[in-house]
Structure formats: structure tokens, C-alpha cells
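Read-outs: derived from the displayed coordinates by stated rules, not from any lab. Because the structure is predicted, anything quoted here is derived from the model rather than measured. Here Cβ is always computed from backbone atoms with ideal geometry, including for glycine, and neighbour counts include all displayed protein chains.
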Amino acid sequence: MKTQYARRSEATAAGTLLPSATPLQLIDADGHPGDNPGSLRLPGPDVLVELHRRMVLGRRFDSQSTALAKQGRLAVYPSSRGQDACQVGAALALRRQDWLFPTYRDSMAVLTRGVPAEETLTLLRGDWHCGYDPVQYRVAPQCTPLATNTLHAVGLGYAATLKNEDQVALALLGDGATSEGDTHEALNFAGVWKAPVVFLVQNNGYAISVPLAKQTAAPTLAAKGIGYGIPSLLIDGNDAAAVYAAVRAGVSRAAAGEGPTLIEAITYRVEAHTNADDASRYRASAEVSEWLSRDPIARLEAYLRGAGLLDDASAARLAAEAERLAEDVRQRMNADVSVDPAELFEHVYARPTAALERQRAELLAELSELEEPAL
Amino acid sequence: MKTQYARRSEATAAGTLLPSATPLQLIDADGHPGDNPGSLRLPGPDVLVELHRRMVLGRRFDSQSTALAKQGRLAVYPSSRGQDACQVGAALALRRQDWLFPTYRDSMAVLTRGVPAEETLTLLRGDWHCGYDPVQYRVAPQCTPLATNTLHAVGLGYAATLKNEDQVALALLGDGATSEGDTHEALNFAGVWKAPVVFLVQNNGYAISVPLAKQTAAPTLAAKGIGYGIPSLLIDGNDAAAVYAAVRAGVSRAAAGEGPTLIEAITYRVEAHTNADDASRYRASAEVSEWLSRDPIARLEAYLRGAGLLDDASAARLAAEAERLAEDVRQRMNADVSVDPAELFEHVYARPTAALERQRAELLAELSELEEPAL
Amino acid sequence: MTRVMSTDSPDKSAAAAEAKPVTMAAALNQALADSLAADERVVVFGEDVGTLGGVFRVTDGLAGRFGERRVFDTPLAEAGIVGTAIGMAMNGLVPVVEMQFDAFGYPAFEQVTSHLAKLHNRTRGRLALPVVIRVPFGGGIGGVEHHSDSSEAYYTHTPGLRVVTPGTPADAYLLLRQAIACPDPVLFFEPKRRYWSRETVVLSTDGPPIDRAVVRRPGRDVTLIAYGGMVATAMEAASEAVSEGWDVEVIDLRSLSPFDEETVAASVRRTGRAVIVHEAAGFGGYGAEVAARLTERCFHYLEAPILRVTGFDIPYPPPHLERFHLPNTDRILDAIARLQWEDEDRG
Amino acid sequence: MTRVMSTDSPDKSAAAAEAKPVTMAAALNQALADSLAADERVVVFGEDVGTLGGVFRVTDGLAGRFGERRVFDTPLAEAGIVGTAIGMAMNGLVPVVEMQFDAFGYPAFEQVTSHLAKLHNRTRGRLALPVVIRVPFGGGIGGVEHHSDSSEAYYTHTPGLRVVTPGTPADAYLLLRQAIACPDPVLFFEPKRRYWSRETVVLSTDGPPIDRAVVRRPGRDVTLIAYGGMVATAMEAASEAVSEGWDVEVIDLRSLSPFDEETVAASVRRTGRAVIVHEAAGFGGYGAEVAARLTERCFHYLEAPILRVTGFDIPYPPPHLERFHLPNTDRILDAIARLQWEDEDRG
Ligand SMILES: Cc1ncc(C[n+]2csc(CCOP(=O)(O)OP(=O)(O)O)c2C)c(N)n1
Ligand SMILES: Cc1ncc(C[n+]2csc(CCOP(=O)(O)OP(=O)(O)O)c2C)c(N)n1
Ligand SMILES: [Mg+2]
Ligand SMILES: [Mg+2]
């Protein structure tokens, strides 16, 4: 009857929808067990080792890409260095059938999900907008218009529900993107539909130059969850174990039909926004140094060494593997790109319209007149 | 330094940003003092008497307008019957210099703010889009695209801050409108800017046919406030005293530089969405009857009579005043509208462009050819 | 993703059925019902489309018949509706969503232009986006502000989208079935003022393909090009033109994007004169493209510049003034009269 | 609300000043600074426009000079930026806001079309909306997807908006000053690829009014119509055309809406031939309106149909392919060559 009062009883229990006051942590900055694990449970040794390995590979991939962008071999590169734990923890926490919805910054997550490095970098090299097959990897195209991907994730997840399929969508977004209307609509739809979606906000402190304090007056971004009836977690985003455990928990809830989870991971972007950005205009180098001391790889490495799960030999093997990856990326990206101008007209519609066929013919005629090879 | 952690200390105090579990009430459905007044204080007798008077007038205006719409004298009329307490309480709580940002449903609030009935109805009669001078009354045009007015309110309020002027903006919106991205962006900007704005959500249980449960999974709409760092109140929207007190408190906070307030008022739309709507398609008549028993006018009347602030004689005088208003509205709306086709081109730009002048001339030539009078 | 009309048999039996008077709203409702029945991937959602059956009743009864998992109400957020539709399409569904009124599609503009229109292209064709967005458009129903926009030109200028609009009940059925069966995203504009116009027909999926214009009335002297709500107005004008001695050919574009240049240019080459009609503001409107393109293709056949009869370059006016704004038969005849007939011998 | 250029004296002294090489970005920066200094109602805000000075550095140094109450960063939300700008304008300010890249203006589309464009009209002229939306537009800078759109046609089709775009540094200064002084809302399109092009000039508010096109190069044979980033390309093409024997007149439209029909039609009547150039997709693009309108007004003066040289009807391509997409001098010369010169005697 009293429609509006329907959930009032829950309101008293509203506290249960609020995140913890301080970020949950499984492994602290020194590699010791975190003293605020909350409901999170430490992943097993295999997972921890793999988290470390993928972070080392991801970091190397990232630094190589940054270098390639500076050399002009990539059109642009938005680094996720410093956010390695979020990137790798999130991607590894997904099951085979789940979908990842990354942004432009999440190349490391895309790579970790299994997309080959070259296909990952197609967008940023500039050969095409998306270099991989989204369906094959269950990775949506890296998304530039901020927050728009959150809605796609909700739609994809809810479609799975409608089809009675067990499939969860993970939407990645930044602190800045939480300000967009689309994020709001996505959280709201997900809440109402109990859609199998995990939202992971990588709060790296800045939206390009704009610090969090100018982005929101909320106590935490995770605190937004209650406004949608969505349980939320505030976690240490430089703790790969915590990210993995939190996303896994979200995936499990979603798969169990319990609906969406909102996770805010506190982290930091160590590099500038992209190679085109000058971060010294808006942040102090002391801030960067401080964050470097909370390096996600170093802390997991310390933990693994302490637990006897990593030694100099395995570390050296891993370093070599990372170098091979970097070498491969370098080689592929230094090779000249071959693009086909005829492809411009190919995928606008399922089949090119008559007008597009005419335009293609015109372009090809023009190119052959110029005696310029079509490639 | 740790930008993202800046507000973590507040996070522990997050509870203070949450609304009460049940709606605050100053006068209950039977006209007795409410048992959950929270921080709200009962307005003085003059205010209570005026709240009652304006509700009676507003209700009569509303029922007259509904009738006129059925007779085809108005293009459409979205009634706010049942929401009288919100309409009147909100409008009266504003100071002279403050601005009201109403929606299509808030004609009663516009009238209460002092806009003449005929100018209030211009939009709904169909002579022009907005019949009054927004600056004169400090009432924005009634807004149809949902939630868009919330941003205008924030901008107007923040402009006052920038100009060091004491001016507060009150944004009215419905439960449905809270789902739009614009509401999110408005709340967020207001929170960050500490803009002098009060958001009053009239939660009448439905967005046309869609009940609240399909609109949000939040425990309450007021619970959204914390996600923006905005304190919120959940109130009984059929208690005019509570609405007045809550909006007044919000205005005072805003004027004192303490920023925005979010108020959710639980109420009910007694009529269909508009005269064109058939509410029996989506709600039971028993639900309507139940809400009729919580009538905002009856309860305040009971209180006033109990307190010796209203008697049969003053009630009769008021009823007569209401009838005079209705008669005036009827007469004005039954008079045939005179419209000037040349005005179509008048206000597109500050001065008509050459193209518009040509189009006006064409239209006028056409009309004189048809020997049809221009009016 | 290949998608064929899986409805051959019901339609063939329908062809044997008797013609009945049907409104455009009912024809659209039937198209949705038949698509839902024919293809389990089809889902219908939006504001008030479920329990209420839509403010224009186009989805009336569908939620009851197909259940809440196929036809459902959403929260009130248009970007949300289109954005989730995109995600659903990525996961194999065929969403058919509604923007309640034309102007209320604007909040979804980013999702439409940056994603719906581009995802197929961005992914080198790996993702299909068979989403249909139904948009009640245009004026003539006395709607207050924001309820009578004609926004088709925003979408026709956006590569990757198809934009179609029916002019008759029969075509409303056919085009909507085709739009839902189409692997490309389709903006489906429904002329509100024609929702209640009736036609006595057998609804059928037999007919011209989705991207073809049709000649609704053959004529020799001038080509009148219309779409959506203006098709009926153009037909009326053509009838009235007879008494003025003009034999008017009326083309119903159906598909605004892609534009069926072949059909329309052939007509204009025959008649040598053309007028385009639409409700939307003239400046930068869809008619500009039609005029520019046809002029380019038929320049030496033209006896006069192609003229446009459109809404004025003003925000859509309030109910009491809309009759001054909307194209009508008088204005169409007047435009035809201005097509430089002086030297012509027309029998 | 009457608003006059309150900068006569500084500009007059500037006129005496020496011409210096200035980039378009610097000219825009100067225009903002001078407007902020001249009129205390002016506020500048948007994403990264404060501390950072904008991703293209157009607002560089302004926050420092004018303080956080005049120039400030906002949360990341474009509808929020335009919506609050509208509210500020209702309260007497003159907001100049930035959409960081063209495609990122789409989330604000509803605020722009339903409110910014209409509020003056809706309130019978009682509210003025002197808002300027700066939009870096177009390609040619190797931007990845969504960074190179040309969305001007969406706005030129929206009555109530002015749409302007400069082609040179000097005009960037002049037009932006004029846009900020204009009581109507203005979409101000900045051609990204020309941000770093230099011109040696004295920046000044003396010049043609905001709604006038200018002839950048007089010529007798054909009128080449361009705007924004294509003005320089058109000028280049005109130079190259000399060796082919064509004397090309180049018009820089400056104001896309309103369109300066008088200036352009006069040119086309003289030359009898015209080509329009823009980066945006051709179909339904701004060039369609120019072609349709000029054909209507100058039909009997035309020796050939007006041609358009535009981007293809495709989503903006990735960096490595954009050179195939963008109009260039070859394509312009080719279009000129197709203007049916056969029977012409051109000295
Ligand atoms: C809708 C939209 N507006 C603006 C931009 C331009 N832009 C690109 S990245 C960025 C900042 C994003 O900040 P955040 O969400 O915190 O992500 P981060 O870059 O820190 O990973 C902006 C404003 C965009 N890509 N999309
Ligand atoms: C952006 C937008 N989308 C859709 C509509 C159509 N519409 C008009 S009223 C309404 C329901 C509004 O519900 P709510 O916000 O609860 O306000 P109420 O009508 O109950 O006062 C809808 C969907 C609109 N006006 N604006
Ligand atoms: Mg960030
Ligand atoms: Mg409501």
C-alpha cells in the first residue's frame, strides 16, 4: 500500500549498506598482514603468486608503452602505473564467462584478461579503435567517453539474468567518472534490477588535474552505494590481494543473484595523465614519492618472500619473462603499421550502403591516381 | 597529501549525513503533535494559519484547473492535489530574494509564490511556454524535461555565492526525476561548491505509472545525500508544518554558508498523472482512499481548530475566498485566447535574424492573403 | 550475426486474412507483439511501457502477454535506457526501447552518438548493435513545450545509425518489423499525430525493403518528397493540386538514412521539379540534405531550384500557435506554384 | 540585458601596438583574459580549465590572475557544466564554459537543446542566456576515437543558438570577444588543428560583426566556402588553383548560425560556381544547408551544382587513417574541376 514506505524498515538497517570508515587491507604497505581485513579473506598462495607475476608483467608492459608513446610509436598512452594492483586484481578475479568493461586507462587489466599486447595497443597506436574481439575475450572496447561503459556493463549483466546465464560484468571507472550522470544511472539500474555487476572505482586521486576534493564532497565514493541500495566496500587499492578478494566477493554475490556491489579502491596514478600531460602543473612531486613508497608490487613481493613463495631465482625468471614481453611489444610497435583505407567504409553498417560504396570507390580511385600505394 | 583519504575522518561520522529511519512529522494525520519531530520546530501560529489558507486556495485552484483541462480549456493539467502541503510549505518557506525552481506539477507552489493564476496557467493553457516573468517573481519557468531544473538551481545559487549575495535556490523534483543523471550532477556540484540550494523531492510514489520500487532500490531517496556529502531529511510530506520547517531549515543552512540540503517528502498524487492519464491502469483505488485519509488540509485544519486558530466563521471566509479565486480562474480561462503569430519570431534571439524577419513577413503575408485575422 | 525474418508462415496466412481498419498505434503494437513472438531475443523496455502500456498505448498489453522479463518498465533515465540496451545487445539480445517523447531522447544523445552509432565500427564489425529506439516525434497534437520536437536531423547526420519513419499504419507495421530484424541500430520515428489515423489493410512483412522509398502517388509535373507525419499532408496537397492543373508525384521516403537516392532522383529527373516537406526547422534540417543531394545529381534536369516547406527556424511553438508553424497543404501548393512554371507547357 | 563592448580604450591603444606572432590558442587566451578584465560578470569554468589551464592551455594562467571565483575547475560532468551555467546566467553572470573535446559535449546535449537554446524564447525574452560554450572541434591532430568529432551541424539545426568558429588567430580573438559580449547563447567551435598556427597581428575588437562572413581572398571564377580548420586548407587550395587557371574566391563563414546569406550569395552570383568544405560527415552536414540555400537563392546564376568536399559518412577514423578522411587541397581542386567548365571561357 504505502509504496514509498516499503523499504523504510530497511532504512534503520541502512548502516549495513555503508562501507567501512577506513580502507580494507589484507597486506599492508610493508608486506605484513593488514590490520583491517573486514570481510575480505586472503586468496590462496597460487593466486598471490599469480597476482604478483601479472603485476610485474603488467608494469613492464606499461612502462614499455609509456616509452613507445614518448617515441611517437603510440598516438597516446594513459599509464596505469601505480594502479597495478587494481588492474591485475580485478582482471584475475573474473571468471572465464564474465565480462570486463575497461576504460582507456585499463590496458594492464585488458592485457591481464588475456588480450594479446598488440591487440591491446591497437587503439592507442592508432590503427583502429579497438584491436581485439570483445566477444572472444569478453572484454568490451576500452572506453573513452567517461562513465558510459558502466551502463553497458549493467545491460550486459542484466541480459545474462534475463537469459538465465551465470555471467557477471565488471565495470571499471575512475574517481572523476563518478561525477557523470551515467554512473548514477548505471548504479540505479543495477540496484533496481539486481543486476550481476561489480563496479570498481579506481580512486587515483585525480581526474587529469582535478583532485578528489573538487570532484566530490562525499566522505567516500563508496558511500554512494547506499543511495542505490547497493552494498559497498572501501579498500586499499594498492593491495592486490584486497582488490582480488573484494572483486571476487562481488562476483560471487552477483552470481548468487544478490545483485551489484560497489567497490572504491584507493590508489594513485604515478605517471602523468597521459604522455601529453604535465602533472607538475597540478601536483607536488613529494606526493608522488609518498605514493611510490606504497608500491603495490613491492608489498606483495615482500609478503611472498616472507611466506617463502618467491625467491631470487623465481624473481629473476619473472624479470626475464617481463623483458621478453617488453621486447615483443617493442618489436611489434616499431614495425610500421599497415592500414587499409578501404576498411573505413567497411563496418559502418552490417553492409556498406550504396553511398558508402561510392565513397570507397572515390577514395580508391583518388589513391590510385596519386600513385600512392593503398597501404 | 593523501588526497583521497582527506575526508576519511568524516567517514566514521558518516552516520550524521543519513536521514532518520522514519519520516519527521510535526503534526500527525489526526492533527495532533507528531511523535517524531526530529530537529524540526513547529512554526508559529501565523505561519500555520497561512499554510492552511494557502493550501485551501491552492487546492481550489488545482481542482478548478483539473476541471478546465477536462473541458478542454487547458491543453493539459498535471494536478498536485494531495501534495498540497509540499507545494505550499515549500513556497512559503522561501524568502523574498530566494528562487523557486518548479516542475510542471508545481503550479500550486508557483501560485503560492505570488504568480497570478492566469500567468501560472499560460503554459498549460497553451498560449506560451511560460506566462510569468521569472525575474520578477524569482520563479523559474515550470520545467518539463525532468531533473534539468536541479542544475539551474545549483548554478543560480552558486552565482549568488560568487556575487556575495544572500540568495537561496529551491529545486523541486519528483521521485522519478531522482533517477536522471542531471539530479546526480546537481547534487554533486552543490556538494562540492557548498551551493545555497535546497532540494525537495516530492516522493509521491509514482513516476506516471512506475512505482517507487521500480525506480530505486535505495532505502530512502534521502539516503542519497551522503553520496554527495549533503545532509538530508526524510519528512512527512503531507504535514505542511514539517515541510515548511524543513525547507526553512535548509534555507537557513544555505544562507549561513553551510551548503545544500536534501529533503525527501513522502506524499501522494491523488489525481491521475494528468487529465490524459488513466491511473486505474497501475494503482488500486484502495491505495488512493488510504492516502485521502492522510489529507494535508484536514490535518492542519484539525490542529488549528484544536489550537483555537480556526473556527467555522474563518473557515467559511476562507472557503468564500477560494470560490472567488476559482471563479476568477474560470472566467479568465474561458475567455478566448488571443495569440499573435508574429511573436513566434520575436524571442528566438535577442534580435530577430534576417532569416527570421523574412519568415515572419512570409507568415504575415500568408495570413493576410487568407484574409484570416492575425489573432 | 545473421537475422532473418522468421515470420514467413504467419504472414503468409495473414495475407489470406481480411483487411481490417487499423490505427498506426495498433499496427505498431502488432509489430512489437509479432516480433516478440517470433524472436525470443527481443525485449521491449522504457518508461511506462510495461504496466501502463506506454503513454500512447503502443505497448499496450505486451507486458501481460510476454511477461516482465520481455517487456518492462525502467527507472526514469534515458541515457540509462539506451546505455543498458547497448549492453544487452552486446550480450545477444535485441532491445526495442522507447523515448517517451522526442525531446526526452536528448539525455541519451551521448550513448546514441558515441556508442550505439559507433560500436560496430569501433570493433571492426565484431559487435552488432541490433537496437531499435522508438521515438514518437513531431507536433500537431497540441502538446506543451518539449512534447513536439522533430529531431531526426541530429540522427541522420550520425553515421552508423539508420533512421526510418512510417507514414501509414501498414508501413508502421512493416517498417518496425524490419527495424527489429535489422542488424544495425535503428532510430524509429513515429509520427504522433498519425497514431490514431486508420487504414484498412492486412498487416504484413511483404513490402519494400527497409531502405527503400516508395512512390505513394505517381505524377508527372513535380515530385513532392515527404516522410512520417507529412506523408498524409503531402497526399492531400497532391489531391488539391489537381484542380490547379498539377500532376504531383508523392514520395514517402520511409528511410531517411540511408537515403534512397535512386528512387527519388529518378522521379526528379522525370518531373524536373521537387519540393521537400518536413515539420522540423528548415535550417540545417533533413530537407537540406535532400535538396543539396538531388541538385547535385539532377542539376541539368531541374527547371527550378528544389524548394523546402518546413517548420520555421524557431523552437516548437505552444499549442495555440502550432498551426501557424506546421507545414500545411496551402504552403505546399504555394511552394509548387513557385517552381517557375512560366515557360512550361503542361497539359 | 544590454551588453556593449566595454573595452574600447584598451583596444584603441592596442591598435597602436606592434603586430606580434600569436597562436590561435594564445589569441583565445587573450580574449578570455580581456573579457574577464572588462566585465566582472564573466566567469570561466569547466574540466581542468583552472589549475591546469586546460588540456590545450587555452585558459592558461587565468585562474592565477583572476582567482578561483572567476576561473575554476568543476566536477567531471558536462550536463552539470552547461546546466549550472544556465542557472548562473539566470542570475546575471556571463559563463564561458569549455567542453574538453567536441564529443564530450554530447552529455550536455539536453541542457543545450532544451534549455540553453530555448529559455529566452520560453520566457518571452525575459531571460537572457549569454552563455558561451567553447568546443575544441575537428581532427587532424592524431587523436584517438572520440577526440576528433565535428558536431557543429547538431547545433546549427537548433534554433536559438548561435554557432561561430574562427579560422585565424586574429579572428579567434575577435569572435570570442564578440561571443562573450553577445546576449544570445553561443557555441564557439575552436579548430584544434589550428591552435598552434601563428599569425602576426594586433589582436583587436575592431572587425566585422559576429554574424558576418568575410571574403578572405577575392576571386572571379568560383566561390570556396569554408570555416574553422578548413579556412587555411581552402586558402591553400586557392593558391594552388592559380596554376590551373582558376581565380578562386575564399569565404570564411565565421558565423554558421545565423548564416550570412547576403555576403555568400553575392559572391556566388558573381562567380556562378561554389564549393563548400568541411570536415564533418557530408550527409546532413552543415554544407547541405549552404548548398540548398544558395541554390535556392542563386539558381539562375549557377553554372554547375554546388559541390561539397567533406569527411566521408563514417565515424571519425583512427589516427593512422584520418589523412584519408579529411578534406585536403587535392579534393578541393578536384571538386572545382568538376564544376562543368567545358563551355566556359575563363581568362
Ligand atoms: C564524457 C567525457 N568527458 C571528458 C573526457 C576527457 N577526459 C579524459 S580522462 C579525464 C579524467 C578522468 O578522470 P578519472 O575518471 O578519475 O579517471 P583517471 O583518468 O584518473 O583514470 C577527462 C576529463 C572524457 N574522456 N569523457
Ligand atoms: C527527461 C524526461 N523524460 C521523460 C519525461 C516524461 N515524463 C513526464 S512526467 C514523468 C514522470 C515523472 O515522475 P516524477 O519525477 O516522480 O514526478 P511526478 O510526475 O510524480 O510529480 C515522465 C516520465 C520528461 N518530462 N522528461
Ligand atoms: Mg582518477
Ligand atoms: Mg512522482
Would you kindly work out, in nm and rounded to one decimal, the distances from the label point of B:ASP35 to those of the same position in each other copy, ordered shortest first, with label points 7 Å along Cα-to-Cβ? 4.5
Roughly how many nanometres apart are two label points built 7 Å out from the Cα toward the Cβ at D:VAL215 and C:THR200? 6.5 nm
GluC sites (Glu not before Pro) within region A:180-280: which are DSSP loop residues with at most 16 other Cβ atoms inside 10 Å? A:GLU258
Run through the DSSP bridge list for chain C and note the antiparallel percent, rounded to the nearest 5. 20 percent
Considering only DSSP beta bridges with both partners in region C:10-201, what is the antiparallel share in %, to the nearest 5? 15 percent
Scalar couplings 3J(HN,Hα) for region D:189-200 by Karplus 6.51 cos²θ - 1.76 cosθ + 1.60 (θ = phi - 60°), nearest whole Hz, x for Gly and Pro, are 8, 9, x, 3, 5, 9, 3, 9, 7, 10, 9, 9
Three principal axis lengths of region A:184-247 [C-alpha, angstrom, descending]: 35, 28, 19
In angstroms, what radius of gyration and Dmax does chain D have, counting Cα atoms only? 19.9, 65
So what does log10 I(q)/I(0) come out to for chain B at q = 0.11, 0.12 Å⁻¹, using the Debye formula with one equal point on every Cα and no solvent? -0.79, -0.92
Label point distance in nm, A:LYS163-B:ALA284, each placed 7 Å from Cα along Cα→Cβ: 3.8 nm
Can you give the FRET efficiency for B:GLU258 and D:SER239, using 1/(1 + (r/R0)^6), R0 = 56 Å, r = Cβ-Cβ distance, to the nearest 0.05? 0.30
Using only the alpha-carbon atoms of the protein assembly as shown as identical scatterers, what base-10 log of I(q)/I(0) does the Debye formula give at q = 0.06, 0.07 Å⁻¹? -0.54, -0.75
Interchain or sequence-distant (5+) residues whose placed amide H lies within less than 5 Å of the amide H of B:GLY34 are B:LEU26, B:ILE27, B:ASP28
Going residue by residue through region C:276-285, the Karplus relation 6.51 cos²θ - 1.76 cosθ + 1.60 with θ = phi - 60° gives ³J(HN,Hα) values, rounded to whole Hz and with x marking Gly or Pro, of 10, 10, 8, 7, 4, 3, x, 5, x, x
Relative to 2.2 N^0.38 Å, what does the C-alpha radius of gyration of region D:10-201 come to as a ratio? Two decimals please. 0.97
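Which peptide among D:108-116, C:214-222 comes first, and what is the full order, when sorted by highest mean count of other Cβ atoms within 10 Å?
D:108-116, C:214-222
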Tilt, helix A:181-193 to longest principal axis of chain A (alpha-carbon atoms), in degrees rounded to tens, equals 60 degrees
How would you classify region D:221-347 from its alpha-carbon gyration tensor, with a ≥ b ≥ c the square roots of the eigenvalues: rounded for a/c under 1.5, else prolate if a/b is greater than b/c, otherwise oblate? oblate
Can you flag which of C:LYS118/D:LYS118; B:LYS194/D:LYS118; A:LYS194/B:LYS224 are past 25 Å Cα-Cα? C:LYS118/D:LYS118; B:LYS194/D:LYS118
Setting aside same-chain residues fewer than 8 positions from D:LYS20, which aspartates and glutamates have a Cα under 18 Å from its Cα? D:ASP11, D:ASP34, D:ASP171, D:GLU199, D:ASP206
In degrees from 0 to 90, rounded to the nearest 10, what is the angle of the helix A:148-162 Cα long axis to the longest principal axis of chain A? 70 degrees
Return P(r) of region A:269-375 (all Cα-Cα pairs; 5 Å bins starting at 0; whole %; ordered from short to long distances). 2, 9, 9, 9, 10, 10, 10, 9, 8, 8, 8, 5, 2, 0
Could you give the angle, 0 to 90 degrees to the nearest 10, between helix D:261-271's Cα long axis and the longest principal axis of the Cα atoms of chain D? 20 degrees
Neighbour cut-off at most 16 other Cβ (10 Å), DSSP loop, trypsin sites (Lys or Arg not before Pro), region C:289-347: C:ARG338, C:ARG346
